[in-house]
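Undergrad: Shown below is the structure under consideration.
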Amino acid sequence: MRKPLSAFLPTALVCAVALATLLPAAPAQAGLFEKKPEDAALEAERAGMQSVSIWVDVSWGFRNQGAANALNRAHQSFAARGYRVLTVEPYIENGDLQGFFVTYQRP
């Protein structure tokens with residue numbers, strides 16, 4: 001029997017916190033969650049970041065088409081700067097899709 005994605009969330013959060021405490025602070029990435037994907041990609045490129053994670057928000061009422069369009073725009077923005085998709089992790093709260101954590105990496 002497959003476990004629901006939400007069963008892995010606590011483990012993922014613990015790993016993320018542990019990783020964040022081991023790595024040096026990255027001031028260039030600190031504000032990337034608040035930016036449009038185009039701006040985040042440009043800033044990541046200028047900072048010379050090898051990998052970058054962003055948040056792709058899903059607007060309420062547009063979870064199907066809007067989510068796909070938002071992900072496509074983000075993927076195109078980062079691909080134009082030499083990044084490729086590493087992971088796309090959906091974030092679900094109370095059974096509702098809220099958005100995606102997307103990590104891009106330079107080859």
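Undergrad: Just one of (1) without any contact (Cβ under 8 Å) to a residue 24 or more places away in the chain; (2) within 14 Å of the chain's Cα centre (by Cα) trips up ASP57, so point out which.
TA: (1)
Undergrad: Tell me, please, whether a residue that is open to solvent by 80 Å² or more (accessible area, probe 1.4 Å) and modelled with pLDDT of 90 or more can be found in the range 16-25. Full working, then the answer.
TA: Step one: filter the range 16-25 for residues open to solvent by 80 Å² or more (accessible area, probe 1.4 Å), giving 17, 19, 21-25.
Next, only the ones that are modelled with pLDDT of 90 or more stay: none.
Checked against the condition, which is being open to solvent by 80 Å² or more (accessible area, probe 1.4 Å) and modelled with pLDDT of 90 or more, the range 16-25 yields no hits at all.
Undergrad: For the range 75-107, name all the residues that are among the small types (Gly, Ala, Ser) and at pLDDT below 95. Before you say what the answer is, go through the steps one by one.
TA: Narrowing the range 75-107 to residues among the small types (Gly, Ala, Ser): 77, 79-80, 82, 95, 99.
Result: GLY95, GLY99.
The values are calculated or read from the model by the stated rules, or taken from the named source; none is laboratory data. Owing to the predicted nature of the structure, the values given are computational and were not obtained by experimental measurement. Positions of Cβ are backbone-derived with ideal geometry, glycine not excepted, and every protein chain shown enters the neighbour counts. All accessible areas refer to the heavy atoms of the entire protein, side chains included, with ligands and DNA or RNA removed. Shrake-Rupley method; radii C 1.70, N 1.55, O 1.52, S 1.80 Å.
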